[in-house]
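Rule-based calculations on the coordinates, nothing more; no lab input. As the structure is a prediction and not an experimental result, all values here were calculated from the model. Virtual Cβ from ideal backbone geometry, glycine too; neighbours counted across all protein chains shown.
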Amino acid sequence: MFVVGGSAGVDIAKRVVDIFDEASLVSLKRKRFPDKEFYVRILDDLKGKDVVVIQTSYPDENLVELLITMDAVVEAGAKSLTVVLPYFSYSRQDKKFKEGEPVSARAVAKMVSVYADNVISIDPHKDYILDFFDAKTKCCSAVGVLADHLKSLDVDFVLAPDKGALERAKSAAGIIGCDFDYMQKTRIDGNTVEIKPKQLEAKGKTVAIIDDIISTGGTMAKSIAELKRQGAKKVIVSCTHGLFIGQALEKLKSAGCDEIIATDTILSNYSKVSCAPCIVDALKDLL
Ligand code: R5P
């Protein structure tokens, strides 16, 4: 199996090749033309081979790079093309919320489906968005690798920032061997919404909040501030996809966050955990 690492996927691609004996990394020539358009040339012979392209489709320039790289793989005569989208961009616009809007996740999926036979994505915002692909799909989760990391941090309980994310907190807690809960929102009056753990007391505890995405940091910051108000000893935030838009990191820190943990689906200084083992398992399953 031959693995192509796009510029927003090359670190994961190298890790995948390191732990998967049957995989080797494809040599590429990659550059931007003076007008910033993307250029790629595959330097290995991929004729008749099973090829995997790993590339996060965020931000938009990485989506274009993915499309062009897939075209190069098909031109090179690959037998099959599996695309790994560590972070599937536009996944939160997964339905038409208002009249006149697109289903952006479907638009991205259709573009990728023009070339891909198989698609693997990690913690997509909702599992059903993988149905937008015409290709065969496989969803994998970073909860296991995040929980393994959290295990060493003496976490008392894992918290989901809302009820919708409870399953994720439950699986992480199962691996760590601790309690779990979610932040419950209660409307007090027209202007006030109270948010606090549904059952557990944070006082004196080390709490790890787990979510799929941290974008502006607003969701996490509210939870952190409440946990600190309740006297939590330590609040750790963890997520699969750390977008950290704008002032997100400052927001988390000023809310009282003690530690930030993200994976390498989007590389940052907080990518403390790699998704490569989950991708290798998914590839073994799929291929
Ligand atoms: C929401 O459904 C997601 O799971 C995340 O909680 C949300 O996207 C995080 O966004 P932000 O960091 O901007 O609050």
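Worth a mention:
- For Ile261, distant residues with modelled amide H under 5 Å away: Val237, Ser238, Cys239
- Debye, to nearest 20: dipole size of segment 101-167, +1 on Lys, Arg Cβ, -1 on Asp, Glu Cβ: 260
- Counting only DSSP beta bridges whose two residues both lie in the chain, roughly 20 percent are antiparallel.
- Antiparallel DSSP beta bridges within segment 90-226, as percent of all bridges there, nearest 5: 30
- Put in order of Cβ neighbour count within 10 Å, fewest first, the listed residues Asp117, Asp154 become Asp154, Asp117.
- Peptides 118-124, 175-181, 43-49 ranked from most to least packed give 118-124, 175-181, 43-49, packing being the mean of other C-beta atoms within 10 angstrom over each peptide's residues.
- J(HN,Hα) series, segment 46-55, from Karplus relation 6.51 cos²θ - 1.76 cosθ + 1.60, nearest Hz, glycine and proline x: 9, 4, x, 9, 7, 10, 10, 10, 10, 7
- Close amide H partners of Val4, meaning residues 5 or more places away or on another chain with modelled amide H under 5 Å apart, are Val26, Val52, Val53, Ile54.
- Distance from segment 212-233 to segment 41-82 (C-alpha centre basis), Å: 39
- Under the Karplus curve 6.51 cos²θ - 1.76 cosθ + 1.60, θ = phi - 60°, whole-Hz ³J(HN,Hα) for segment 209-221, x wherever Gly or Pro sits: 8, 10, 9, 6, 10, 10, 9, 7, x, x, 4, 5, 4
- Share antiparallel - DSSP beta bridges, segment 20-121, percent rounded to 5: 35
- Near the amide H of Phe180, within less than 5 Å, lie the amide hydrogens of Val158, all on another chain or at least 5 residues away, with H placed in the peptide plane.
- Over the chain: helical MRE at 222 nm, DSSP H runs n ≥ 4 each giving -39500 (n - 2.57), nearest 500: -9000 deg cm²/dmol
- The Cβ shell under 12 Å around Ala142 holds other residues with a net charge of -4, Lys and Arg each +1, Asp and Glu each -1.
- The HN-Hα couplings worked out from phi for segment 27-34 by the Karplus form 6.51 cos²θ - 1.76 cosθ + 1.60 (θ = phi - 60°) are 7, 10, 10, 10, 7, 10, 5, x Hz, whole numbers, x standing for Gly and Pro.
- C-alpha long axis of helix 166-176 to longest principal axis of the chain, angle in °: 90
- Formal net charge of residues neighbouring Lys126 (Cβ-Cβ distance under 11 Å; K, R +1; D, E -1): -3
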